[in-house]
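Structure first, commentary second.
The values are calculated or read from the model by the stated rules, or taken from the named source; none is laboratory data. Just so it is clear, the model here is predicted, and its values are computed rather than measured. When we count neighbours, we look across all protein chains shown, and the Cβ atoms used for this are built from the backbone with ideal geometry, even at glycine. Surface accessibility is based on the protein's heavy atoms, side chains included, excluding ligands, DNA and RNA. Shrake-Rupley method; radii C 1.70, N 1.55, O 1.52, S 1.80 Å.
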Amino acid sequence: MKLSVEKIIEQNQKWLETHEAAYNFLAEKLEKNGTDVEHILKKLKDLQVAIPSWALGAGGTRFGRFSYKGEPATLEGKISDVGLLHSLTQSAGAISLHIPWDIPEDANAIKEFAASLGIEFDAVNSNTFQDQPRMKKSYRFGSLCNSDPSVRELAIQHNLDVINIGEKLGSKSLTVWLADGSNFPGQHNFQEALQNTRDSLQHIYKSIRDDWKLFIEYKPYEPNFYSTVIQDWGTSLMLAEACGDRAYTLVDLGHHLPNTNIEQIVATLMMKGKLGGFHFNDSKYGDDDLTVGSIKPYALFLIWNELVYGMEHNKNNPSPAWMIDASHNIKDPLEDLLQSLEAIQIAHAQALLVDQNALREAQKQQDVVLCQEILQDAYRTDVRPLLREARLQSNAAIEPIATYRALDVRNQIIKERGLHSVASGL
Ligand code: LRH
Ligand code: MN
């Protein structure tokens, strides 16, 4: 299903007057405070967030999965759904594939189809956390860390195959997340596991082209519940440095123990020039993969505040890769992703409102109250009129979810795919 710009502009008429009144009021107030509103609109329009191919159907847990109606059962279907999100927001211009869940039968055809919807291929993800049919060896006891060199060889070869697929699609980065770890004390020799992982990653790194990046994603636990080889940002950073200049750390917001100060990790990685990208989501307890900004919106704002500061001051850090990594157990996956895109842009816009110079001055004066007031003034500003204006100027929907519902998109999709089509993935 494709959404025409005409249909979206037609729907926008419903909200145009209300929007313009709210936008003009806010823009005037901000310009009076010396804020460059045009600069913020440009930043909002330029931000493109990659959609995970594995989050376009209903996710599940070990306790069950409630499939959603009209899920995309094919890679074309997944790209078409990302196309819908992009038509409604003009900020979802990329998809991140997971291999082997999304192996393209005809890479050129897939690339052309995606391009026809304005969709590019962001990082490709390898998968050595599940055994594949007819595999000679198993990843039960790990992949790149495995004490059995033939298993490590298998896992390295899989990553090289994933790079190969990515190159055909025009992707420029590989994300490696390893479930590798142990469930019981004594099961692992920690040092051997880490050395094997380092050596294997170095082998993979040597195979990526000069214009490619390697993202190393860390996670403290799950599916292993005693130790995880790449458990935290420090281990990932150490491995990235051991690989080379184009290896970076990838921050999945859900991959932190409770109350971890993630914004400080972001600042540290940007200072090192090693922040490669993000998997945005939210969580209350563990790696819950909930809608971005649905549980801890202030933390998301503080992370974006460090990103805005870092992108200004750490020119040694490349522009991070922005990706969502969420799983939808009870909501329409497309509505959930529209909410996540909105939450990312809200935190982005609020962070762009922070007067960084005034904040630096207040920090130098050790005026703690003023520091807080500067941050919270930005956070407490309703920036949604800025997001709506950025979308309006990009011929996207002023109100993406209301437009999605008004155009009855889900039922159109069900007409095309049937009620019971199921998406591959988590
Ligand atoms: C691991 C993870 C990783 C993906 C997987 C789908 O928890 O965040 O990024 O490979 O989810
Ligand atoms: Mn992730």
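Tabulated data
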item: 3J(HN,Hα) from dihedral phi, the stretch 124-139, Karplus parametrisation 6.51/-1.76/1.60, rounded to Hz, x for glycine, proline; result: 9, 10, 8, 9, 10, 10, 9, 6, 9, x, 6, 6, 6, 10, 10, 8
item: Within straight-line cross-link reach of K69, lysines at Cα separation under 22 Å, skipping those fewer than 8 residues along the same chain; result: K2, K78, K331, K415
item: Carbon + sulfur, % of accessible area of the chain - ligands and nucleic acids excluded, 1.4 Å; result: 51 percent
item: Normalised alpha carbon radius of gyration of the stretch 314-426 [divisor 2.2 N^0.38 Å]; result: 1.48
item: Intensity falloff of the chain expressed as log10 I(q)/I(0), Debye formula with alpha-carbon point scatterers, at q = 0.07 Å⁻¹; result: -0.34
item: Dipole magnitude (debye, nearest 20) for the stretch 205-323, charges at Cβ of Lys, Arg, Asp, Glu; result: 280 debye
item: Student exercise, the stretch 155-270 dipole from Lys, Arg, Asp, Glu Cβ charges, in Debye to nearest 20; result: 200 debye
item: Antiparallel bridge percentage (DSSP; both residues within the chain; nearest 5); result: 15 percent
item: Per residue accessible area of the chain, 1.4 Å probe, in Å²; result: 46 Å²
item: Whole-angstrom gap from the stretch 396-426 to the stretch 251-306, using each part's C-alpha centre; result: 29 Å
item: The stretch 217-273: chymotrypsin sites (Phe, Trp or Tyr not before Pro) in DSSP loop, at most 11 other beta carbons within 10 Å; result: F225
item: Sites E120 and Q376 - FRET efficiency at Förster radius 35 Å, r taken between beta-carbons, to 0.05; result: 0.45
item: Cross-link pairs K43/K274; K137/K296; K136/K274 - those with Cα-Cα distance over 30 Å; result: K137/K296; K136/K274
item: Computed magnitude of the charge dipole of the stretch 5-417 (debye, nearest 20; Cβ of K, R +1, Cβ of D, E -1); result: 600 debye
item: Over 32 Å (Cα to Cα) - which of K206/K284; K29/K172; K7/K219; K111/K206 fall in this group; result: K206/K284; K29/K172; K7/K219
item: Phi-based couplings in Hz for the stretch 267-276 (Karplus 6.51, -1.76, 1.60; Gly and Pro marked x); result: 4, 5, 5, 5, 4, 7, x, 10, 8, x
